[in-house]
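Take a look at the structure below.
The values are calculated or read from the model by the stated rules, or taken from the named source; none is laboratory data. Just so we're clear, the structure is a prediction, and the values are computed from it rather than from any experiment. Here Cβ is always computed from backbone atoms with ideal geometry, including for glycine, and neighbour counts include all displayed protein chains.
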């Protein structure tokens, strides 16, 4: 009969072989399953970003050897009047497009939220511009804002006003681009606002009606405060996308001139930051300075996003 004394002693080797696997060894198959995303992000995200920073410190035409330039590219960027002109154009176009777009998107979302029939049809119709090709939309808007045969000028003449050379005047170009961006993104943001409206408890509206609050008071006292996180999200996304506008002015203004030195219309009035980056990089074959411009655009977008976030947060605290 075996006793406790007959059992083999528990050694370090015995304990180590029975210890369960933890950490990477236990979940290696899960890491392997999600690894393709991180490998693609590394190859097509982090490495190109790091390489662009490296290129911005050199003079390079894209084919020959690189020449070290240090921070001279950024010093020239700070004094480049064309770049700052593109920054000003981008900010003006962004303001002309974003604030009307957010207002129209909110109004559209409120109407969709109160609609009884054909809700899905309305959602599809409002979301359709966002999935339509920007190039196709820009070509159509080029015809709409045409000086001689455009629908906008035809309407102005119908009400007794003079024609406007939309694509040949500084403010006309900005308004045309902003209108295109507003039309493109209103439905998308309306769907986001609609999702936020549907999360607001109906009990709040019922209590407000019992207290005698009207639709306007209900909107400003209940809907708008409860929608502040969604509004912040839409504002940040609109800032990031609006400050990186490229296809809209590139295609919309191609009918005015095909010369790269004339990019953005008369006086470069429609030349956005990304359009200026494209011109410097691919038209002038100055990849080093183009990379510096790209990092300048990145800083402008980050600054504006932080400012917008702080403004909305401060209003929320007040």
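For the reader, a short list of remarks on this structure follows.
- Just one residue in the set 151, 156, 167, 161 is more than 26 Å from residue 234 (Cα to Cα), touching a helix residue (DSSP H, G or I) at 6+ places or on another chain (Cβ under 8 Å) and without any contact (Cβ under 8 Å) to a residue 24 or more places away in the chain; that residue is 151.
- Some residue of the range 31-53 being closer than 18 Å to residue 281 by Cα and touching a strand residue (DSSP E or B) at 6+ places or on another chain (Cβ under 9 Å): no
- Residue list for the range 280-291, restricted to those being touching a helix residue (DSSP H, G or I) at 6+ places or on another chain (Cβ under 8 Å) and either surrounded by 21 or more Cβ atoms within 10 Å (Cβ to Cβ) or over 20 Å from residue 249 (Cβ atoms) (or both): 280, 286, 287, 288, 289, 290, 291
- Residue match in the range 100-111 (condition: without any contact (Cβ under 8 Å) to a residue 40 or more places away in the chain, touching a helix residue (DSSP H, G or I) at 6+ places or on another chain (Cβ under 7 Å) and surrounded by 13 or more Cβ atoms within 10 Å (Cβ to Cβ)): no
Table: residues versus (1) farther than 19 Å from residue 80 by Cβ; (2) surrounded by 21 or more Cβ atoms within 10 Å (Cβ to Cβ); (3) at pLDDT 85 or above.
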| position | (1), (2), (3) |
| --- | --- |
| 226 | yes, no, yes |
| 237 | yes, no, yes |
| 240 | yes, no, yes |
| 264 | no, yes, no |
| 267 | no, no, no |
| 278 | no, no, yes |
| 293 | no, yes, yes |
| 299 | no, no, yes |
| 311 | yes, no, no |
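- Applying the condition of being surrounded by 14 or more Cβ atoms within 10 Å (Cβ to Cβ) and assigned to a helix (DSSP H, G or I) to the range 141-164 and asking which residue is farthest from the chain's Cα centre (by Cα) yields 156.
- Here residue 177 clears all of (1) surrounded by fewer than 18 Cβ atoms within 10 Å (Cβ to Cβ); (2) under 30 Å from residue 267 (Cα atoms); (3) touching a helix residue (DSSP H, G or I) at 6+ places or on another chain (Cβ under 7 Å) except the condition numbered (1).
- Failed item, numbered, when residue 31 is tested on (1) out of contact with any helix residue (DSSP H, G or I) (no Cβ under 6 Å at 6 or more places or on another chain); (2) surrounded by 13 or more Cβ atoms within 10 Å (Cβ to Cβ); (3) part of a helix (DSSP H, G or I): (2)
- Test result for residue 91, modelled with pLDDT of 90 or more and under 30 Å from residue 224 (Cβ atoms): yes
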